[in-house]
Amino acid sequence: MIGKAHKRNWLSYVILILISVFALFPFYIMLKSSLEPVQRIVSTEFHLFPDNWFYFENYKTVLGKYPLGKWFMNSVIVSGVVVAGNLLFDTLAAYALTRLEFKGRNAVFLIILSTLIIPSEVIVVPLYLLMVQLDWVNTYQALIVPLLISPFGIFLLRQNFMSIPKELDEAAMIDGCSRIGILFRIILPNSFAALGTLAVIKFMWTWGDFMWPSLVINHESMRTLPVGIAMFQTDAATIPWDLIITGSVIAVVPVIVLFLFLQKYFIKGMTDGAVKG
């Protein structure tokens with residue numbers, strides 16, 4: 001029995017390694033290609049390794065020719081404020097839907113939940129017209145305000161809050177704790193996994209968003225990183241894949257760093273409270 005269990009463990013490890021290699025291989029190819037000239041990238045002959053691991057000309061060109069630092073900071077500001085706003089507003093909404101008794105609570109939750117099935121393309125045009133009327137085009141407000149609240153975030157946190165026993169609230173109220181005190185002393189300390197999950201997911205969605213920033217931003221100095229990278233071109237007939245891939249490598253680094261930093265909370269949040277209720 002021990003031998004069979006040992007073999008099953010080894011088989012599981014092999015399968016996990018193969019899946020990891022399959023998932024990480026595209027990132028390796030992207031990193032490798034950023035260290036190669038465009039002629040080698042578009043060549044029909046496949047190369048597993050670059051000729052020179054210290055070929056940084058693509059990075060020098062991208063950083064020297066384009067305001068990549070400005071675009072990077074725009075993405076950092078927008079993504080950071082959006083994540084903070086979602087952690088605040090989604091938390092308050094989820095807390096009200098799970099801990100406060102009011103007429104129509106379930107109906108409100110169903111309305112919020114129903115918005116998840118509405119494609120974003122449906123609301124893009126009216127939302128853009130609203131930004132024009134507010135004179136928010138080419139401003140941080142247009143990039144941030146429409147994303148400050150997420151129906152998915154409310155749903156995720158609500159499901160997690162429902163898994164926390166209400167007896168803890170009652171005990172805290174007996175000790176004189178207020179509703180806000182219960183939120184900060186009882187609910188949030190027991191919801192780090194869900195909050196970390198929401199932060200990672202919302203950061204990835206906002207950081208990699210292209211459609212909305214490309215509509216509301218026309219000035220080069222206000223572009224976010226994905227929009228800026230999409231503008232890399234020398235003429236109408238040439239696509240500089242070396243620069244696009246290099247810019248993509250730079251763009252993906254913050255996402256990887258954030259995920260590695262919060263992966264414990266992300267994995268726990270996706271497998272724990274997110275499916276309860």
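The values are calculated or read from the model by the stated rules, or taken from the named source; none is laboratory data. Just so we're clear, the structure is a prediction, and the values are computed from it rather than from any experiment. Reconstructed Cβ throughout: ideal geometry from the backbone, glycine too, with neighbour counts over all protein chains shown.
Structure data summary
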| quantity | calculated |
| --- | --- |
| Total residues in region 170-215, condition in contact with a Pro (Cβ under 9 Å, 6 or more places away or on another chain), closer than 20 Å to residue 132 by Cβ and part of a helix (DSSP H, G or I) | 3 |
| Helices (runs of 4 or more DSSP H) wholly inside region 110-164 containing at least 2 residues that are hydroxyl-bearing (Ser, Thr, Tyr) and either modelled with pLDDT of 90 or more or within 30 Å of residue 192 (Cβ to Cβ) (or both) | 120-133 |
| Filter pass, residue 55 being in contact with a Pro (Cβ under 9 Å, 6 or more places away or on another chain), over 23 Å from residue 197 (Cβ atoms) and surrounded by 14 or more Cβ atoms within 10 Å (Cβ to Cβ) | yes |
| Any pair with Cβ under 9 angstrom, 6 or more apart, that starts in region 160-182 at a residue that is aromatic (Phe, Trp, Tyr) and ends at one that is not in a helix (DSSP H, G or I) | 161/191 |
| Hey, residue 117 among the aliphatic types (A, V, I, L, M) and exposed (fewer than 13 other Cβ atoms within 10 Å of the Cβ) or not | yes |
| Filter result for residue 20 (modelled with pLDDT of 85 or more, of a type in the set (S, T, N, Q) and more than 18 Å from residue 232 (Cα to Cα)) | yes |
| Output for region 157-183, where each listed residue is loosely packed, with under 13 Cβ neighbours inside 10 Å and closer than 16 Å to residue 88 by Cβ | 180 |
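For (1) outside any helix (DSSP H, G or I); (2) under 20 Å from the mean Cα position of the chain (by Cα); (3) at pLDDT below 90, each residue gets a yes or a no:
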site	(1), (2), (3)
31	no, no, no
44	yes, no, yes
49	yes, no, yes
59	no, no, no
81	no, yes, no
86	no, yes, no
89	no, yes, no
95	no, no, no
